[in-house]
Structure formats: structure tokens, C-alpha cells
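Below is one structure, written out as C-alpha cells; the observations come after it.
Derivation of every value follows stated rules applied to the coordinates shown; laboratory data play no part. Just so you know, these numbers come straight off a predicted model, no measurement behind them. Quick reminder, even Gly has a Cβ in these numbers, built from the backbone with ideal geometry, and neighbours come from all protein chains shown.
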Amino acid sequence: MGVVQAGEDSNAGSALSYWGRQPGERLREVANRNLATYVRQELYPFSAYYRRVFDQAGVDPRSIRTVADLARLPFTTKQDLLATQADPKTRLDFVLRPTPERIKSDWPFGRKLALVLGGARARAALRRAYTPSFLTFTTGRSTEPVGFAYTPHDLDVLSEATARMFELMHVTSDSERIVNLFPFAPHLAFWAVTLGGFRTGRLVVPSGGGKVLGTDGNLRLIERMRATSLISIPGFLYHVLRRGNELGTSFEHVRTVVLGAEKVPPGMKARMQECLERGGAKNVNILGTYGFTEARMAFGECPTDVRHSSGYHVFPDLGVFELIDPKTGQVVPDGQDGELVYTGTSGHGTSVLRYRTGDLAVGGMTWEPCPHCGRNLPRISSTLRRASEQHALNLTKIKGTLVDLAQIGSLLSEMREVEEWQVVLKKHNDDPLELDEMEIRVAARAGVPADTVKTLVSTQVAQLSEVRPSRVSVHSLAEMLEFVGMESQLKEKRFLDTRPK
Ligand SMILES: [Zn+2]
């Protein structure tokens, strides 16, 4: 299926401006129509996994006409992906693999005719559109990574989605000089930005993050390029900016900061703004994104004051979201908290339907026009939490009490007195039979006495989680950066669990 592409010469005719202008009703109509076509002509005929799902549920693929109809089908979870991938017989069951028989039985006459009339060329194009040429992987801490295959068609869709995001974020001028600080890795974030640059023709220079150039190397690159935009994991960029202030690095050309791959902790944007202004930047937009491996694309905020968020603008022509109650699995109405469930409607390669992201959007999704940019695209609340019910990755038992580590992480990131932090879980004296201990390591902000930060962290964590940390230790910033592996790791190590499994 074709994808409407971003304008090549000007933004006036771009897909973003086109879709952003359509009334909500029409967007819903397009979402429904694309979903119906996709299920009938792509997913059901070519995905071994979903053919089984539809057949077992007794659902005729032709009866899926609207997003609401999806409720008749079961969810797909990370466990489903892991189990399918683990068995050599089912390994490729989530990948769309057309066969002449399935095309014959499931494609409409017109599409078949085009294939026949197109001859060898049409057959070659078909092969190209469906043959995987690239993979990215999930970054689960406690599970095997899951591979997601992209065909050239999917790389096209990803390029288009990122190009739309650049436009949404005003990263479009001819003189744009973008530094991509995401680590070189087989992960969505780095490639989304790279392909977005290729598609839009804007200058995007990859630094590879801390591991390749080091912090000071990144700063030299930013200064020498007179970078106008920085795209990075939040924790690492904050570290780079802070170091830049120490070295007196100029950020005077920076106009846009785009954060991705991890949640933006509350208060982080304001801290970054301070650092950037200290380096001479003015009126910087600091924007968050939400992307995940299974969607093979990311969604962004449009420019607002750092204290506000527009929410993540999504593209109803490329995929659809449902919001569900994580306990009951029931779809919740617009504007209510719910776990995000994603169905792609434009992809080939590894494709998912009703995929449970495990992310709970507080405030849900809205179809109201964006008060900041005026576009009618639906928006997902940027306050995301883990819907921990079934995804217990962040929940752990300490001293017999269930503790949400992600919440403790948010608290520590938000505390003005804390510069860097790490949570260490261990057994007393490293004896497996002994009690659990939670140590919190922190570097205090400049000017905050060690005792003050110790007391604050201890009481606030105890209030939040009902477990008082066994120890709060205060370290120098350099020591903390070493602990979290700011330069040596792909992602900072914020939680360290050394308890025997
Ligand atoms: Zn907006």
C-alpha cells in the first residue's frame, strides 16, 4: 500500500499539513478504511500468526470495518512475540509473507490485475515491498530482545513518519544542523532520526552518543557544527549540557531539543532549558517523543512552553491506537486513562495487531484540535506510566512490599536537590538468605549539603513506596556518572539489582 509522502520542495503540500487540516470525522474515516483494507489484504492473508488468531476467534477479516470492531479480537503481548520467536517453526509468523495462492484468494480483482499487467516489473516491486531488508530490536531489561523486520516499504514509512515529526517540531529550515546523539545501535531511535534526515534532506550528523565520541567529543561536535537541533536520550543530553556549562560551550544556535528512547522525567525540560540558556541559547523548544519498536515509528510533541505539553501527535493514516483498562481489557472512552494498544495499518515485515504496549496514558487520547499548533491529529497524553498489572518489569518486592521502581525513579529525577541518582537492590551482606536492602546513591546539586539531600531522599522515598531506603549515600558527580555508566553504557544504569534470582 502506498504512503502519502511529505512534500519535497515545501511544507505547504506535505502529508502533515494535509492530514493536520482534515476534520476529525474524516481522519477517523481514513483510519477505519485503512484498517479494514489492511486486515483484509495484508494481515489476514500474509501473517501466519494472525490468520490463526482470526480463525480461532471465528472472526471473518472482512467484518473488521472500524477500529471499534477490533474489540472482537484478542490482544497481542510481548509474551506472544517472545514465544513465537523462540520456536523455529513459528519464528516468522508475525512477518507478512505473501504467496501466489494467498494473493489469488485475498486480493481484490483490480490489485491482482495490476500485478498481472505489470509483468516482471510488478513482481519485482512486490518482492521488494515484502522482503525484509533491516531489523531493529526491543531493549527489554529482563527478556530476550524481540526482532522487528522492515522491508524497503517499511523503511519508507518510517522515513515518512519521522519527516512528519521534524515538520511538526519546526526542524525544517534549510539551515538546520541536527546532531543525533542516539547511540549507534539496532534500535528504533537512532534509525528513525537518520532516516528522517535522509527523507527531508536536512543535515543530520550522528555522534553515536557517549560511547563513541565521549561527552567532550559530543560538545566539540555541537559547537563546531553550530548545531541548531539536538536529538538524544534525556539523561545523556542533560549530562552533556551540564558538562558544556562547565567547559563554557556555546549553545547559542540551538533552537530545538528532541528527546526520545526513554521517558522524559518531570522537571527535566526546565533543567535543560537552564543549561542551554547558560550556554547562550534563546527560545529553545524542548520536545518529547513516544516511539516503540513494535510500531516501527515515533510520535512527537509540537512546540510549547517547557511547562506545557501538547501530547504526542499520531498519524491515523498509518496506524491506530485503542485505549483500554489494563485490568479488564475493555476499551475506555476518549480522554480517560488507559493502556495504549497499537495496530499498524501501513506496515509489511513484522506486523502487530492490538499490541499491548504496557504504557498507561494518563488523560488518554484526545481528538480535539491541538491548542498549540491547531492540527486535528489525535494526541496521546505525554504523561505515561507503566500499566504494571501484567507487565511486572518495574515492580519488585523489597522486604516483602511491592515497590514500583519507575515511580521511585520519577521522584528522584524530579527532586531539585538531586543531580544524579541510582537505586541499588541487594541482600544484606550479599547473603541470599538475608533481608533485601535498597540503597540509593545520589550526587547532590551544587550548593545542597549532603545531610539535607540524604534526609530528603530518605523521607520522600519512604512516603512514596512505604519502604525506607536502607541507606542513602552521597557521592561526587564524577563518581555517580561512573556508577550509572553515562559514557560506557547504551542506556544509563539507573536500577541495579544484585540480588540472586
Ligand atoms: Zn500540536
Fill in the blank from the handout: For the stretch 151-309, the convex hull over Cα atoms projects on average to an area in nm² of 8.3
Exercise for the section: Compute the distance in nm between two label points, each set 7 Å from the Cα along the Cα-to-Cβ direction, one at GLU479 and one at LYS493. Expected result: 1.7
Exercise for the section: Just need the relative contact order of the chain here, percent rounded to a whole number, with Cα pairs under 8 Å and 6+ apart. Expected result: 12
Practice task
Using label points projected 7 Å from each Cα along Cα→Cβ, tell me how many nm separate ARG111 and ARG416, to one decimal.
Solution key: 5.8
Practice task
Treat the count of other C-beta atoms within 10 Å as a stand-in for reagent exposure and order LYS269, LYS427, LYS78 from fewest to most.
Solution key: LYS427, LYS78, LYS269
Exercise for the section: Work out, step by step, the length gained on full extension between LYS327 and ASN429: first 0.36 nm times the residue separation, then minus their alpha carbon distance; give nm to one decimal. Expected result: 32.9 nm
Completion exercise
Scalar couplings 3J(HN,Hα) for the stretch 304-310 by Karplus 6.51 cos²θ - 1.76 cosθ + 1.60 (θ = phi - 60°), nearest whole Hz, x for Gly and Pro, are 8, 4, 4, 7, 10, 9, 6
Exercise for the section: Evaluate the Debye formula for the stretch 1-137 with equal point scatterers sitting on the alpha carbons, no solvent, and hand back log10 of I(q)/I(0) at q = 0.10, 0.11, 0.12 Å⁻¹, in q order, two decimals. Expected result: -0.45, -0.55, -0.66
Practice task
Kindly give the semi-axes, whole Å and largest first, of the ellipsoid equivalent to the stretch 392-497, taking each as the square root of 5 times a Cα gyration tensor eigenvalue.
Solution key: 21, 16, 13
Handout entry: 26 Å Cα-Cα threshold exceeded, pairs from LYS282/LYS454; LYS78/LYS104; LYS426/LYS454; LYS327/LYS454; LYS89/LYS112; LYS78/LYS269
Key = LYS282/LYS454; LYS78/LYS104; LYS327/LYS454; LYS89/LYS112; LYS78/LYS269
Practice task
Mind computing the radius of gyration and Dmax over the alpha-carbon atoms of the chain? Å is fine for both.
Solution key: 23.7, 78
Exercise for the section: Kindly rank 232-240, 123-131 from highest to lowest mean number of other beta carbons found within 10 Å of each residue. Expected result: 232-240, 123-131
Completion exercise
Env charge @ SER17, Cβ radius under 12 Å, K,R +1 / D,E -1, value +2
Handout entry: Part-to-part distance (alpha-carbon centres) for the stretch 90-106 and the stretch 27-48, which is given in Å
Key = 15
Practice task
Subtract the Cα-Cα distance of GLN79 and ARG102 from 0.36 nm times their separation in residues, and report this length gain in nm to one decimal.
Solution key: 5.5 nm
Fill in the blank from the handout: Helix 188-200 sits off the longest principal axis of the Cα atoms of the chain, rounded to the nearest 10 on a 0 to 90 degree scale, by 60
Fill in the blank from the handout: Tilt, helix 234-247 to longest principal axis of the chain (alpha-carbon atoms), in degrees rounded to tens, equals 50
Exercise for the section: Starting from the Cα of GLU25, step 7 Å along the direction of its Cβ; do the same at ASP87; then give the gap between the two resulting points in nm. Expected result: 4.7
Practice task
Please name which of SER488, LEU16, VAL306 has its Cα lying farthest along the dipole of the chain towards the positive end, using unit charges on Cβ (Lys, Arg +1; Asp, Glu -1) and the Cα centre as origin.
Solution key: LEU16
Fill in the blank from the handout: Rounded to the nearest 5, the percent of DSSP beta bridges in the chain running antiparallel is 65
Exercise for the section: Arrange MET297, MET225 by Cβ neighbour counts within 10 Å, fewest through most, would you? Expected result: MET225, MET297
Handout entry: Value of [θ]222 nm, deg cm²/dmol, for the chain, DSSP H segments ≥ 4, -39500 (n - 2.57) each, nearest 500
Key = -11000 deg cm²/dmol
Exercise for the section: Taking the Cα centre of the chain as origin, sum charge times position over the Cβ atoms of Lys and Arg (+1) and Asp and Glu (-1), and report the length of that vector in debye to the nearest 20. Expected result: 1220
